[in-house]
Amino acid sequence: MKRTPSLLLTLLLAALTPVLAQNRPGPRGRDAMGPEIFQIRFFCSTRPEDRPRGSVDAYLRIANDALSFIKSDSSTWQARYDLELMIYSGSHELVAYKTLRDTVTVRHFALTNARTNPRTYTMHFSLPPGDYTWRLKLLNAEQLPLLEREERLQVPDFAPDQLQASDIILADSLDCRAGLYTLNLRGAFARNTGAIGVIFEIYPPVGADSVRTLITLSDLSGHKTMEQHESRPAEPVLRYCIDLGREIDKPGEYTLQLRATAAARSLQRSQRLFLLWANAGAPDATDAGALEQLALVAKGSTIREIMRSPAEERERLIAEFWAKRDPTPGTPENELKDEFYLRVDFANTQFGEPVSGRPGWRTDRGRIFIENGTPDQIEKQGGEMGMPTAEIWSYNRLNRRYLFVDRLNNGEFRLLKTE
């Protein structure tokens, strides 16, 4: 039996920056760059006949690189796996359990590490309002865990006398008339092509005549790029489908805010999303910063070899570096390289320091973003009455948090603590 190595995981381990070396390891295959090899998101909604219970859908997306492949014959590789999802009540009682089994067969070794065309699964649960904990296991053919995750889950009270809303779904493509869409589970959009879709439902309280909504979109500085007012006659379920593609003209972090009122009741929901697209690409090999950027993910020996080479050779050596790590060789795209430079571009846009003149990719926040991708949660603290501003970035799937502090409140955040 032979287990295929993860190309991207190899690249991550090769980088071994000091911060990564001090951290606890995350789930198998969590890479420093590129699309996630495994994703899971929960979305809560309801149906009029089921209120106050919640309709909970778990969406799981698995790429080949998360799996353990065995060479089954001279020309094929096969991965058999089970997914187990358990939901526990606040009193630690098992209230729901679902499992599925699948097999993936590929004809080329390189495809065992592919991250394109992942498989998506849906598991549905009906749960009463309350606080829960979900636990998931991905098991190989020998029932050994490839990864395990655990997080909290809250199901709202969808009582008929309440004004409630479903969770907000993001979509890479959507047809609002037909009700069709492609889920975006990352919360980040890689390029300014296709849709930046937002889908949700509102459930008015019994007796309401109408529902008024205010939907705003704000950038990281708080500037509103969209403000949309609407009033609709009340129905058991009001569905909303919005494409924000025309509302966003530059990369960055945005917050979608929903406010709704009906029958003297109100609610608020918010959803963060990231735009990574721009004219991103690899810098010229002779650029002084090109090797510094590459050093974020390359071995020191690789960087030294390139530095010792004549200027005309550097471009070829850098191209070879990325070609060896292409997760889909034989295709025009190198997803790993593209994602890396998209993250560099995003870091420059979002985390540059005007006072020091330091570009975003050289800052602490920029470096962590490039290495780990979009945080699952950003908590902002302080910034008033002489208190320094702080940001806590949480990566739930890495079991890791980073504390950045801007001691002078001048926009220069420094990494203070990793836990």
Q: Tally the residues that are within 17 Å of the chain's Cα centre (by Cα), β-branched (Val, Ile, Thr) and at pLDDT 85 or above, restricting the search to segment 346-377.
A: 2
Q. Does Ile318 count as modelled with pLDDT of 85 or more, hydrophobic (A, V, I, L, M, F, W, C) and under 30 Å from Ser221 (Cβ atoms)?
A. no
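The values are calculated or read from the model by the stated rules, or taken from the named source; none is laboratory data. Everything quoted here is computed from the prediction, not taken from an experiment. Positions of Cβ are backbone-derived with ideal geometry, glycine not excepted, and every protein chain shown enters the neighbour counts.
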